[in-house]
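The values are calculated or read from the model by the stated rules, or taken from the named source; none is laboratory data. These numbers come from a predicted model, not from an experiment. Cβ placement follows ideal geometry from the backbone for every residue including glycine, while neighbour counts extend to all protein chains displayed.
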Amino acid sequence: MAKAKETKTFSLKDVKESKEPMLVIHDSVYNVAKFLEEHPGGEEVLIEQAGGDATEAFEDVGHSADARELMKDYYVGEVQASEKRNEDIQPNTGPTPAAPKSNGGWSSWLLPLGIAIAAALLYRFVIAPAAN
């Protein structure tokens, strides 16, 4: 029977003093040393955030679902419980499509009805008499 892997915990001081570039996003700790050269925004962005909590900076950019999936490769543990953030910063994956507007009331059929009546009157009084 396989043993469950124990999650390593880090203090914020551990993250800050690490020899490797590590950062915190949503209370998870990531070692980004092997990702520096591959980061689309440039390694400077990661180096600037290394040693601290990069949650806000990460969410401000609006990373894609693919980027969030890629993060799993660099995950090394969690921030210890006593130092976890109390605020809840929601994931931002970029712009979301606007929901279609739906009135659902009488105005949703009033315009088509008006157009139909106008077309019927136009045919009855303008087009039909001209054809005769």
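Conditions (1) touching a strand residue (DSSP E or B) at 6+ places or on another chain (Cβ under 9 Å); (2) exposed (fewer than 10 other Cβ atoms within 10 Å of the Cβ); (3) modelled with pLDDT of 85 or more, marked per residue:
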| position | (1), (2), (3) |
| --- | --- |
| Tyr74 | yes, no, yes |
| Gly77 | yes, no, yes |
| Gln80 | yes, no, yes |
| Thr96 | no, yes, no |
| Gly105 | no, yes, no |
| Ala120 | no, no, yes |
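The condition of being hydrophobic (A, V, I, L, M, F, W, C), under 19 Å from the mean Cα position of the chain (by Cα) and either within 17 Å of Glu83 (Cα to Cα) or in a strand (DSSP E or B) (or both) does not hold for Val15.
With respect to the conditions (1) buried (at least 18 other Cβ atoms within 10 Å of the Cβ); (2) at positive phi, Gly42 lacks only one, and its number is (1). Taking region 18-39 as the range and being assigned to a loop (DSSP other than H, G, I, E, B), surrounded by 13 or more Cβ atoms within 10 Å (Cβ to Cβ) and either among the small types (Gly, Ala, Ser) or out of contact with any helix residue (DSSP H, G or I) (no Cβ under 6 Å at 6 or more places or on another chain) (or both) as the test, the residues that pass are Ser18, Asp27. Go through region 49-81 and give me each residue that's under 12 Å from Ile25 (Cβ atoms) and in contact with a helix residue (DSSP H, G or I) (Cβ under 7 Å, 6 or more places away or on another chain). Of everything in region 49-81, those that are under 12 Å from Ile25 (Cβ atoms) and in contact with a helix residue (DSSP H, G or I) (Cβ under 7 Å, 6 or more places away or on another chain) turn out to be Gln49, Gly52, Ala57, Tyr74, Val79. Within region 1-12, the set of residues being modelled with pLDDT under 90 and either over 20 Å from Lys84 (Cα atoms) or in contact with a strand residue (DSSP E or B) (Cβ under 8 Å, 6 or more places away or on another chain) (or both) comprises Met1, Ala2, Lys3, Ala4, Lys5, Thr7.
Suppose we keep only residues that are in contact (Cβ under 8 Å) with a residue 24 or more places away in the chain and acidic (Asp, Glu) within region 18-64. Which one would you say is farthest from Ala81 (Cα to Cα)? My answer is Asp60. Within region 40-54, the set of residues being within 20 Å of the chain's Cα centre (by Cα) and assigned to a helix (DSSP H, G or I) comprises Val45, Leu46, Gln49.
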